[in-house]
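Let me begin by presenting the structure, written as structure tokens, before commenting on it.
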Amino acid sequence: MGVNRGPKYPGIEDGLVFCFDPKNRNCWNGGTNFTDLVKDVTLTGTNLDNDEFASALTTEGYVNFDGTDDYINCGQIEALKGASSWTISGWYKQPTLDQRNFMFGATVNSTNWISAETWNDGQMYFEIRNGASSYAQFDYSTVVTADEWFHVAMVFDGTQASDNDRLIAFINGSQVSLNYSAAAIPTSTNATIGDFYIGHTATQSDEWAGGIGPVYIYNRNLLTSEILTNYNNLKVRFGL
């Protein structure tokens with residue numbers, strides 16, 4: 001079952017377990033707190049604790065992060081614990097490419113880790129670690145333009161036999177070609193994971209610098225057609 005209360009989400013609802021959207025009143029609690037459709041999340045940072053700034057988010061539909069101390073702690077996401085499939089997607093804008101910035105993450109240590117981030121080597125990384133340092137990467141400047149919005153989707157299906165089927169990624173609704181680490185992508189995540197952060201991760205200090213729009217988590221691996229549907233349904237909002 002997906003989320004079944006509040007305003008209809010303008011996309012795929014089947015399996016939707018987490019929804020952060022500054023423009024959706026059902027995800028917004030005013031002041032300095034957001035609520036997704038399941039639980040409270042907390043804004044942290046000098047530029048994210050101002051009522052006047054926060055009240056504008058429902059109009060603009062995104063949050064600006066300064067890259068220093070701004071992030072959103074969403075707490076524990078049960079659908080990511082000991083799981084063999086899930087999807088995490090969101091909208092991001094990065095004024096300068098090739099920066100060490102985390103889009104999202106739930107990390108405990110170097111071998112218990114879920115994240116997506118850009119790095120100063122020009123790569124975007126998608127990491128799922130459960131006992132080993134396993135990840136995939138690609139040169140994201142081939143599909144992402146500085147200071148323009150893009151939609152990213154990270155899809156995990158540990159039931160598949162090969163790395164390139166277990167972990168796949170999409171930018172603006174199109175699948176990208178990934179290079180995989182020597183360590184195999186695991187069949188499932190760890191049963192105990194860290195809190196899920198937007199724009200940050202607990203074990204690193206490289207917060208996101210730029211805009212973040214809606215972020216969604218599903219308890220299943222979305223189909224290619226569903227990823228494209230989610231992208232198409234919100235792309236006009238972000239000028240695409």
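The values are calculated or read from the model by the stated rules, or taken from the named source; none is laboratory data. Computed from a predicted structure; not experimentally measured. Please note: Cβ atoms are built from the backbone with ideal geometry, for glycine as well, and neighbour counts cover all protein chains shown. Each accessible area value is taken on the protein alone, full model and side chains, heavy atoms only, with ligands, DNA and RNA left out. Shrake-Rupley method; radii C 1.70, N 1.55, O 1.52, S 1.80 Å.
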- request: Could you pull out every residue, at least 5 positions away or on a different chain, whose amide H is within less than 5 Å of the one on Gly67? Hs are placed 1.01 Å off N in the peptide plane, and Pro or chain starts have none.
  value: Gly210
message: Quick one: 3J(HN,Hα) in Hz for the stretch 123-129, Karplus 6.51/-1.76/1.60 with θ = phi - 60°, rounded, Gly and Pro as x.
response: 9, 9, 10, 10, 10, 9, 10
- line: So, relative contact order of the stretch 95-240 in percent, Cα under 8 Å, 6 or more apart, is 27
- prompt: Quick one: with all protein chains in place, what share of the accessible area of the stretch 82-192 is carbon or sulfur, to the nearest percent (1.4 Å probe)?
  reply: 40
message: Sort Val108, Val215 by heavy-atom solvent-accessible area, probe 1.4 angstrom, most to least.
response: Val108, Val215
field: Distance between the stretch 156-180 and the stretch 186-240 - C-alpha centres, whole angstrom
entry: 14
field: Point-charge dipole on Cβ atoms (K/R +1, D/E -1) for the stretch 124-240, about Cα centre, debye to 20
entry: 260
task: Starting from the stretch 61-116, pick out the trypsin sites (Lys or Arg not before Pro) whose DSSP state is loop and whose Cβ has at most 13 other Cβ atoms within 10 Å.
output: none
message: If you split all Cα-Cα distances of the stretch 82-240 into 5 Å bins from zero, what percentages do you get per bin, shortest first?
response: 2, 10, 20, 25, 23, 15, 6, 1, 0
message: From the C-alpha coordinates alone, can you work out the Kirkwood hydrodynamic radius of the stretch 156-240, in Å?
response: 15.4
task: Hey, can you find the accessible area per residue of the stretch 60-113 for me, probe 1.4 Å, expressed in square angstrom?
output: 33
message: Let me spell out the model: positive unit charges on the Cβ of Lys and Arg, negative unit charges on the Cβ of Asp and Glu, origin at the Cα centre of the stretch 83-183. What dipole size does that give, in debye rounded to 20?
response: 220
Accessible surface of Phe104 - all protein chains present, 1.4 Å probe, nearest 10 Å²: 0
Per-residue SASA entry for Asp139, accessible area with 1.4 Å probe, Å² rounded to 10: 70
- request: Calculate the radius of gyration of the Cα atoms of the stretch 197-240 to one decimal place, then report Dmax, the largest Cα-Cα distance, as a whole number, both in Å.
  value: 13.5, 35
